[in-house]
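Throughout, read-outs are computed from the coordinates displayed, never taken from laboratory work. Since the model is a prediction, treat every value here as computed from it, not as a measurement. So basically every Cβ, Gly included, is an ideal-geometry build from the backbone, and we count neighbours across all protein chains shown.
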Amino acid sequence: MTATTLAAEYVDVRDTRIWLARGGAGPPLLYLPDGDTDAADPALPLLTGDFRVYRPDHPGFGRSGDDPAADSVLDLAFRYVDLLDALGLDRVCLAGLSLGGWIAAQVAVLAPERVAKLVLADPAGLRPAGPAPDMFTLDPAELAALVNHEPQVRAAAIAAARAMTDDPERLARYLRNRAALAHLAWNPYLHDPKLAGRLHRIACPVLLIWGAHDGLLPPETARAWRAALPEARLELVEHAGHRPQAEQPAAFAALVREFLT
């Protein structure tokens, strides 16, 4: 089906303004991004031909308002259940990328009856396998080099990171995102020690997608997810690092589309 441009608006959710892009036709798909809400995601428009996509900026990130009560990823999960209520969506397919995957897993733990199927792409939330680089010590260009694998994509991401100094609004959002992510995920680093013991509450089919060359959360991290979710399906995306949706958008969208439909 033909891709559709997403239209943006603000939705008030319990005194927090959430920036939300939506578009497409089909079953509802809540699509939660990673911590850099401005990062390119060429897979997203490929999904609007099959789904009615809802893609927010997380509270405290990007163009959304602050949520003073949000001190943890679990708090954000509660807010997304509130967003489903505000949108009149009883049950949705749910996809999350990196930080968004952690939030999505928490939503499915918290309100399993609201999630029909769950896609987690290189999710944070469980302890990274092996020695993990500290993303919070890296400048934007260094972080872009870490999370991207394909040379052309990596070079473009590094150039975009260096160009942020010429775009004050983009730079301000980037720094706000980094501060918000550090508040939620610096200590413990990119995980919640209690999450593994709660994942059994997820009641829907789960697809794990992992970039085969993820330098931030190595693919071996998927073993912990499979241990907690033994019925989950795992797909490795070749020629991709931490952001397969950006490096291999067609392959990523095809995996999501086939699983959800």
- Give the number of residues within the stretch 93-119 that are out of contact with any helix residue (DSSP H, G or I) (no Cβ under 8 Å at 6 or more places or on another chain) and more than 26 Å from W186 (Cβ to Cβ). 2
- Given (1) aliphatic (A, V, I, L, M); (2) under 12 Å from the mean Cα position of the chain (by Cα); (3) outside any strand (DSSP E or B), number of the condition L83 does not satisfy: (2)
- Query: Taking the stretch 42-95 only, how many residues are out of contact with any strand residue (DSSP E or B) (no Cβ under 8 Å at 6 or more places or on another chain), under 17 Å from A7 (Cα atoms) and of a type in the set (D, E, K, R)?
  - Reply: 1
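So which residues in the stretch 47-74 are among the small types (G, A, S) and closer than 24 Å to E169 by Cβ?
To start, the set of residues in the stretch 47-74 that are among the small types (G, A, S) comprises 49, 60, 62, 64-65, 69-70, 72.
Across the stretch 47-74, the qualifying residues are G60, G62, S64, G65, A70.
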- Please enumerate the residues belonging to the stretch 196-219 that are touching a helix residue (DSSP H, G or I) at 6+ places or on another chain (Cβ under 7 Å) and either buried (at least 18 other Cβ atoms within 10 Å of the Cβ) or of a type in the set (K, R) (or both). R198, L199, R201, I202, L207, L208, I209, W210, G211, L216
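Residue by residue through the stretch 166-191, note down the ones that are of a type outside the set (K, R), part of a helix (DSSP H, G or I) and buried (at least 18 other Cβ atoms within 10 Å of the Cβ). Spell out how you get there, then give the answer.
Let us first name the residues in the stretch 166-191 that are of a type outside the set (K, R), namely 166-169, 171-172, 174-175, 177, 179-191.
With the extra rule that they be part of a helix (DSSP H, G or I), the set shrinks to 166, 168-169, 171-172, 174-175, 177, 179-185.
Scanning the stretch 166-191 gives Y174, N177, A180, L181, L184, A185.
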- (1) without any contact (Cβ under 8 Å) to a residue 40 or more places away in the chain; (2) more than 16 Å from S98 (Cα to Cα); (3) surrounded by 18 or more Cβ atoms within 10 Å (Cβ to Cβ) all hold for A163 apart from (3)
- Query: If we scan the stretch 225-234, do we find a residue that is surrounded by 16 or more Cβ atoms within 10 Å (Cβ to Cβ), under 17 Å from A116 (Cβ atoms), small (G, A, S) and in contact with a strand residue (DSSP E or B) (Cβ under 8 Å, 6 or more places away or on another chain)?
  - Reply: yes
- Query: Can you pull out the strands (runs of 3 or more DSSP E) entirely within the stretch 1-45 that have at least 3 residues that are within 12 Å of the chain's Cα centre (by Cα) and not charged (D, E, K, R)?
  - Reply: 28-32
- Selected residue (criterion: surrounded by the most Cβ atoms within 10 Å (Cβ to Cβ)) from residues of the stretch 97-150 that are hydrophobic (A, V, I, L, M, F, W, C) and in a strand (DSSP E or B): L97
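Looking at A86, A25, A43, A7, can you tell me which residue is among the aliphatic types (A, V, I, L, M), touching a residue at least 12 places away in the same chain (Cβ under 8 Å) and buried (at least 21 other Cβ atoms within 10 Å of the Cβ)? Spell out how you get there, then give the answer.
Working: A86 fails: buried (at least 21 other Cβ atoms within 10 Å of the Cβ); A25 fails: buried (at least 21 other Cβ atoms within 10 Å of the Cβ); A7 fails: buried (at least 21 other Cβ atoms within 10 Å of the Cβ).
That would be A43, the only listed residue that is among the aliphatic types (A, V, I, L, M), touching a residue at least 12 places away in the same chain (Cβ under 8 Å) and buried (at least 21 other Cβ atoms within 10 Å of the Cβ).
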